[in-house]
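Notes follow the structure.
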Amino acid sequence: MHEVIVKYHYPRILRLLRVTSLLAISAAGGFAYAQKLTPQEVVAKHLDSVGSTKARAAVTTRIIAGTSQVIFRTEPAGQAIGRAVLASEGAKNLLGMSFPSPVYPREQFGFNGTSFIAAFVTPGVRSVLGSFLMTNEIIFKQGLMGGVLSTAWPLSDLEARNPQLENLGARKVDNQMLYALRYTPRSGSELKITLFFDPETFRHVRTEYERVIPAQMDTRSYTNVQTRESRYKMTEEFSLFKPEGELTLPHIYSIKLSVDTQGGTFLADWTIKLTQFSFNEKIDQNSFSVSAN
């Protein structure tokens with residue numbers, strides 16, 4: 001009986017092996033092709049994955065809404081489900097989330113083209129995410145936050161942003177091979193910023209922001225204590241790409257933040273599922289000038 005079963009499934013196994021081999025060859029070919037491209041060529045193919053030049057230029061404002069879920073994975077642990085909205089016009093960018101929680105009612109981040117503000121979540125208190133973004137406001141000022149969901153996305157206008165792009169080649173992330181570019185703002189940054197693209201479609205699927213602050217030695221004569229280095233990492237992930245009008249955009253947007261410092265650790269993630277896309281609607285310009293309070 002055992003031999004009969006093996007013989008019966010043998011052609012099926014062969015077909016599976018052939019398909020697996022073809023997929024591996026295809027992926028390897030995609031990486032080999034991507035490796036030969038300059039960063040500018042990768043960006044051009046990435047933009048084509050969003051839409052034609054004409055289609056992208058036709059959309060001057062975006063208002064995108066959906067649901068949001070936050071999970072705090074370190075103490076005090078907890079989670080909440082609420083609403084989210086993203087709005088953008090040119091370099092201006094807004095991201096807001098609201099939750100039915102007295103201790104964590106909202107996140108609101110806005111860049112009005114000149115200044116960036118992360119609102120307090122409760123009077124006088126910013127969240128860990130808000131504090132990280134305030135410290136590293138270049139994320140919003142460069143238009144990186146939100147990826148292609150925002151009109152501020154810097155890869156849409158390399159000439160104006162003029163960042164330094166470095167080809168990092170293939171990188172394995174969560175058991176998936178992705179194509180990576182190092183992004184360094186023209187003015188420099190203490191953040192290490194890495195953009196990741198699907199090697200077949202050239203869609204932007206992930207951005208990593210990492211910062212390490214070296215440990216400081218206390219030089220006072222009566223003490224000799226060395227603090228730990230501080231590590232910060234924020235990751236944006238984009239998935240479920242579907243057409244909206246003449247553009248192809250992600251419908252799931254995730255943010256993960258981990259902090260490891262002398263004062264303790266923090267780990268949380270936010271998942272935004274986007275269901276409403278409105279283009280070219282007039283946006284009140286005051287919306288981008290977020291009040292801290």
- Can you spot a residue in the range 90-103 that is closer than 22 Å to F140 by Cα, open to solvent by 40 Å² or more (accessible area, probe 1.4 Å), of a type in the set (D, E, K, R) and within 20 Å of the chain's Cα centre (by Cα)? yes
- Query: List pairs: first in the range 188-203 and within 12 Å of I138 (Cα to Cα) and open to solvent by less than 10 Å² (accessible area, probe 1.4 Å), second part of a loop (DSSP other than H, G, I, E, B) and at pLDDT below 95, Cβ under 8 Å, 6+ apart or cross-chain?
  - Reply: none
- Could you give every pair whose Cβ atoms fall below 9 Å, whose first residue belongs to the range 131-149 and is within 20 Å of R106 (Cα to Cα), and whose second residue is of a type in the set (S, T, N, Q) and buried (at least 24 other Cβ atoms within 10 Å of the Cβ), counting only separations of at least 6 or pairs across chains? F140/N93; M145/N93; G146/S88; G146/N93
- Note on the structure: Of the residues in the range 44-89, those that are β-branched (V, I, T), open to solvent by less than 60 Å² (accessible area, probe 1.4 Å) and within 26 Å of L257 (Cα to Cα) number 7
- Within the range 123-153, how many residues turn out to be buried (at least 21 other Cβ atoms within 10 Å of the Cβ) and either farther than 27 Å from I63 by Cβ or modelled with pLDDT under 95 (or both)? 0
- Query: Given (1) small (G, A, S); (2) outside any strand (DSSP E or B); (3) at pLDDT 95 or above; (4) out of contact with any helix residue (DSSP H, G or I) (no Cβ under 8 Å at 6 or more places or on another chain), where does S156 come up short, assuming only one miss?
  - Reply: (4)
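Limited to the range 161-184, what total is found for residues that are surrounded by fewer than 14 Cβ atoms within 10 Å (Cβ to Cβ) and either among the hydroxyl-bearing types (S, T, Y) or in contact with a helix residue (DSSP H, G or I) (Cβ under 8 Å, 6 or more places away or on another chain) (or both)? Talk me through it step by step, then tell me what you get.
Here is the first cut: in the range 161-184, the residues surrounded by fewer than 14 Cβ atoms within 10 Å (Cβ to Cβ) are 162, 164, 166, 169, 172, 174-176.
From the residues that got through so far, the ones that are either among the hydroxyl-bearing types (S, T, Y) or in contact with a helix residue (DSSP H, G or I) (Cβ under 8 Å, 6 or more places away or on another chain) (or both) too are 166, 169.
Qualifying residue count, the range 161-184: 2.
Residues of the range 276-291 being in a strand (DSSP E or B) and open to solvent by less than 50 Å² (accessible area, probe 1.4 Å), which ones?
Listed by number, the residues that qualify are F277, S278.
The values are calculated or read from the model by the stated rules, or taken from the named source; none is laboratory data. Given the structure is predicted, the values throughout are model-derived calculations rather than measurements. In this analysis, Cβ positions are derived from the backbone assuming ideal geometry, glycine residues included, and neighbour counts consider all displayed protein chains. All accessible areas refer to the heavy atoms of the entire protein, side chains included, with ligands and DNA or RNA removed. Shrake-Rupley method; radii C 1.70, N 1.55, O 1.52, S 1.80 Å.
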